[in-house]
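Data block below; observations after.
Please treat every number below as a calculation from the coordinates, not as lab data. On a predicted model such as this, the values are computed, not experimentally measured, just so you know. Note: ideal-geometry Cβ built from the backbone for every residue, glycine included; neighbour counts use all protein chains shown.
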């Protein structure tokens, strides 16, 4: 059997099931039995791979990072020659991804960290690694755009990259509260407008 046709392992099935079920029910409300049922594996298989549900939560955050990182690394926004256009194209992609039902476009790690930040430091740290690592993928383009436009602001590329994630995670929360993606799409549009203003050359007042 080749790698392309090999069946996924029980561990991979559980991780994929976790990404789906947690986005629907949240981490706390998701039971080990539900994860096993969704993955089509036995409870014995679960505890063979994970000592506890929290250990699976950490692994699910890492799995989410690996899966999404691969997708974003291949995304066409990298093809733009202008670094600021790459940043705007990234934001546009995030809007395009607001498709399907809420569980299909919301963030696994954003969902988990809201519930576990106080009760499970290991999951909290895994979620932080995931969100922060994704933000870091924008820093080089932001820094290049700052150089291109001769910007020397008080803020940093890192802080702005993290701010994009603040907006996106907040947009997901509002989408859940409102029951649809419209508010999230509007928030992403505001982010795009904000970035455009931030990187626009300052207006020179004409003297009368």
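Anything in segment 91-114 that is crowded, with 19+ Cβ neighbours inside 10 Å and in a helix (DSSP H, G or I)? List them, or say none.
Selection gives 91, 94, 95, 108, 109, 110, 111, 112, 113.
Residues of segment 39-86 that are in a loop (DSSP other than H, G, I, E, B), free of Cβ contacts under 8 Å to residues at least 60 places away in the same chain and within 30 Å of residue 196 (Cα to Cα): 74, 75, 80, 81.
Checking each residue in segment 76-90 for being touching a helix residue (DSSP H, G or I) at 6+ places or on another chain (Cβ under 7 Å) and either within 17 Å of residue 200 (Cα to Cα) or surrounded by 15 or more Cβ atoms within 10 Å (Cβ to Cβ) (or both) picks out 77, 80, 83, 84, 86, 87, 88, 89, 90. The single condition among (1) surrounded by fewer than 13 Cβ atoms within 10 Å (Cβ to Cβ); (2) outside any loop (DSSP other than H, G, I, E, B); (3) touching a helix residue (DSSP H, G or I) at 6+ places or on another chain (Cβ under 8 Å) that residue 131 does not meet is (1).
With the checklist (1) under 19 Å from residue 193 (Cβ atoms); (2) free of Cβ contacts under 8 Å to residues at least 12 places away in the same chain; (3) outside any helix (DSSP H, G or I) in hand, flag the one item residue 118 doesn't pass. Every listed condition holds for residue 118 apart from (1).
Take residue 185 and tell me if it is more than 26 Å from residue 60 (Cα to Cα) and part of a helix (DSSP H, G or I).
yes
Across segment 26-38, which residue is farthest from the chain's Cα centre (by Cα) among those that are part of a loop (DSSP other than H, G, I, E, B) and over 13 Å from residue 120 (Cα atoms)? Here the residue is 31.
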